[in-house]
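All remarks here apply to the structure that follows.
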């Protein structure tokens, strides 16, 4: 479904109710897709797919591409015609979903049920903005800059920690038990279902203003340079959360910069850092280690001195206590 198709009106992004954290994360990812996408977790019926389609409506291309659960690697990255390359000396490339999502939104529902290698490849391209296809010594690359939105229901399984860390931002949605908010959500949805065209017209000005703000933020994004105080705040938050590696620091700085650009600030401030910190750290925070007040220990290296993914959870051998054991002579020896 194309969000721009008049036969299929899209619920306006600015009309979403009670989804402020999700809206902020999606807007930041739209301003700077290099953040690595947004992981949205929550139960059924919390407007995850509605928000993804609504964001695509705000982007210039207005393109929403959905990655199905049964997709193959070739469907995702595209294919190369090796025979024509050998015969004619030119590479014939058939684009995949990554190429089709360029400048739009790539939506992956139930991302936790996709094969891990496919998710890993998807996240690589989302962060780099370039898709590389290699077959039998022949390679082809193309731009693939899109806003990645992955959704999941935690009850149906979790993502491995290594893949969780690759998502730039994460938002956790919960069932709403505030009666007034539920009523506002239901009223908005019923109004949209009864007359989508009129409903969208009422939000047209707000939609246009938001799209312009995103475009303007993109234009000034790289002119904003965080100062030492901002770097110090980011480091302090990431250390306190006991995150692995430095990806959290980089994402937090980029997200704070995108927020500052969106709000028209002249520079990135620590208040911008504080407002994006939860989305950056939610899926990276190591609660067990933080509760003990100790830095997490790294896996001990194997005999060859290297540490790899298979070493996860490995613990070095420790000396066991010893005690003298009284030797008991055989019964026959005692009789003798």
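The values are calculated or read from the model by the stated rules, or taken from the named source; none is laboratory data. Small disclaimer: the values here were computed from a predicted structure and weren't measured. Note that we place each Cβ from the backbone using ideal geometry, even for glycine, and neighbour counts take in every protein chain shown.
Return the total of residues in segment 114-133 being touching a strand residue (DSSP E or B) at 6+ places or on another chain (Cβ under 8 Å) and surrounded by fewer than 16 Cβ atoms within 10 Å (Cβ to Cβ).
Total meeting the criteria: 3.
I'm trying to understand the selection: among the residues of segment 227-236, which are touching a residue at least 12 places away in the same chain (Cβ under 8 Å) and either surrounded by fewer than 21 Cβ atoms within 10 Å (Cβ to Cβ) or in contact with a strand residue (DSSP E or B) (Cβ under 6 Å, 6 or more places away or on another chain) (or both)? Please lay out each step first, then the result.
Here is the first cut: in segment 227-236, the ones touching a residue at least 12 places away in the same chain (Cβ under 8 Å) are 227, 229-231, 233-235.
Selection gives 227, 229, 231, 235.
Could you list all residues from segment 268-292 that are surrounded by fewer than 19 Cβ atoms within 10 Å (Cβ to Cβ), closer than 19 Å to residue 37 by Cα and over 16 Å from the mean Cα position of the chain (by Cα)?
275
Which residue out of 241, 260, 265, 255 is touching a residue at least 60 places away in the same chain (Cβ under 8 Å), surrounded by 15 or more Cβ atoms within 10 Å (Cβ to Cβ) and not assigned by TED's automatic domain parsing to the domain that holds residue 26? Break it down into steps so the answer makes sense when it comes.
On the way: 241 fails: touching a residue at least 60 places away in the same chain (Cβ under 8 Å); 260 fails: touching a residue at least 60 places away in the same chain (Cβ under 8 Å); 265 fails: touching a residue at least 60 places away in the same chain (Cβ under 8 Å).
Criteria check complete, one pass: 255.
Report whether or not residue 109 is surrounded by fewer than 19 Cβ atoms within 10 Å (Cβ to Cβ) and either in the same structural domain as residue 60 (by TED's automatic domain parsing) or touching a residue at least 60 places away in the same chain (Cβ under 8 Å) (or both). Steps first, please.
On the way: surrounded by fewer than 19 Cβ atoms within 10 Å (Cβ to Cβ): no; either in the same structural domain as residue 60 (by TED's automatic domain parsing) or touching a residue at least 60 places away in the same chain (Cβ under 8 Å) (or both): yes.
The answer is no for residue 109.
So residue 4 ticks every box in (1) modelled with pLDDT of 95 or more; (2) surrounded by fewer than 18 Cβ atoms within 10 Å (Cβ to Cβ) but one. Which box is left unticked?
So the condition that residue 4 fails would be (1).
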